[in-house]
1. Within region 59-88, name every residue whose backbone N is under 17 Å away from a label modeled 7 Å from Cα of Ala116 along the Cβ vector.
2. Please give the contour-minus-distance gain from Asp320 to Asp297: 0.36 nm per residue of separation, less the Cα-Cα distance, rounded to one decimal in nm.
3. Using amide H atoms built 1.01 Å from N in the peptide plane, name the residues 5+ places from Lys250, or on other chains, whose amide H lies under 5 Å from its own.
4. Give the share of C-alpha pairs in each 10 angstrom bin for the chain, from 0 to the last occupied bin, in whole percents, shortest bins first.
5. Which of the trypsin sites (Lys or Arg not before Pro) found in region 296-335 are loop residues per DSSP with 13 or fewer other Cβ atoms within 10 Å of their Cβ?
6. Taking Cα atoms, how many degrees apart are the long axis of helix 2-18 and the longest axis of the chain, rounded to 10 and kept between 0 and 90?
7. Working from Cα positions, state the angle (0 to 90°, nearest 10) between the long axis of helix 28-37 and the longest principal axis of the chain.
8. Students often get this wrong, so check it: of Lys105/Lys459; Lys334/Lys459; Lys197/Lys476, which have C-alpha atoms separated by over 27 Å?
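Every number in this text was worked out from the coordinates using simple rules, so none of it is lab data. Note that the structure is a prediction, hence the values are computed from the model and not measured. Cβ placement follows ideal geometry from the backbone for every residue including glycine, while neighbour counts extend to all protein chains displayed.
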Amino acid sequence: MKKVLITLISIFINLSIILPGFGTELPKPVIELIKEKFPNANIRFDGLIELPDGTKYIPVLPISYEFPDNPAKITVTIPANADLKSKPDLILFANNLSLLKMIKKTDKVYTLINSAQIPLKVKLGLLPQDLIVPENLVIPPELRVITGDLKIKISDDASKVMVNTQTGKNLVNGNQSTISIINTNGKAIVINDLVNKIFYATNFDSSLIHVIPSKSGRPIKSIQLSSIPSDIAITEDNRYILATCLSSNKVSIIDTTTNNFVSDVEVGKLPVSIVIPAGTDKAFVANRLSSSISVIDIKNMTVINEIPVTGSPANLTVSDDRQNLFYNDVASGKIYKVRFSLPTAGNDIKISPTVNLVTQVNNISKITQFGKYLLITSRSDNTLIIYSLDEEKVIKTLEVGKKPVDIQVAKGKDKLYILSADSHTVHIIDTMTFTETNTITLKESGFPKSINILNAEDKALVTNADSYEIAIIDLKEENVISYLPIGTTINSLVISE
């Protein structure tokens, strides 16, 4: 009965957030605490709190409420350990609700707290969507996620509105011509390459693909799959997302124009990896327990071939010339080359491959082909192995950080990047000499999982499988410039228009 009651309360709270007609009703224990400390406080229908001296607080509704014995217990304040009567800039309650004080900067401008100490659960919260936005409120970019669909000005300095120098217009959340975030030095920066982008993200916590607009970092939809996805890929035209579903032995197809599930394609047992070679309409799926690679015709979303291979395949990668497919056998660490001539898009020539042993590496986490080289990371040896396809041998082994999990090559920059999860580092390797030139240190939280390079602006995104943030790296300056709050942990990520 208690669980049913809690569920009903949670549903009512969520409805009050989503449906403007309900208004925003703050939790009763919090209201009682405010009235106890400030008997004449006024709490409006939209949740805004006005104290007798004119001080105003705006509530930030959490992603999910918790139900502790004392939900109105204050767990965090900024400044730290402040009493409610002292009216701190930020108040976080045990039930995850938070209050942000409107701070007067000038006679005409109000702002909210801008601090590196703001808890992540506050940054990922949401202002009441029926809030009557106070006039001349300008908030720091670090808090832009909480605005949702509200039209609130974003600025790095609350005494002025950030202006897009190209258009001369104010940057208003919800209708942005640029994406602005706050960097590690407290300054606002603009990342044009994230404008109007959609993140499609999965994790190992659910059988869902989360659809996340880059402007908010908050999932607007979660698409149910047949089982937990192990890997995802996007077609070259950005039309479809293909997700390998581990226990159901299927590849789920998502239409990005509608963000709806389209169909499932039956493949082999335990599909763990998928690649879609550029310039083709074929997808390849590694089936770990059936020792096979399924070939999917993307035009018809059907399996047109099952390639029998040696061992338990994982970590698929395709050569740029589409002549070779590489994978490793999980059990032995042996890497194999599947040789074929892959037809270009629209050509239905039958694929007749041959499978040959290439080399062997301990505990492989990633394989990538780069020109005449095969790049391999060993998760247990903490190394990058460079294998020459021309010489058919390992020509160099480099020590990198602990538990390397991803490799990305920056096109046209003569550099590659190795992400090491346990040491929270990104290692920069010169591709001309295969020597390390620099190391970027990430925040020591969670488990960094993948690197996504935004080539147009020399930026890269580092996802995290155990933390609700994406690190943004400047590839020119070779440092972390900011952390973007995101509404989910991420195992696999693709970015679409």
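1. Correct set: 78-80.
2. Once the chain is fully extended between Asp320 and Asp297, it gains 6.4 nm.
3. Answer set, sorted by chain and number: Cys245, Val267.
4. 4, 18, 26, 23, 16, 10, 4, 1, 0
5. Hits after loop and neighbour filter: Lys299.
6. Computed tilt is about 80 degrees.
7. 40
8. The pairs that break the limit, which is 27 Å between Cα atoms, are Lys105/Lys459; Lys334/Lys459.
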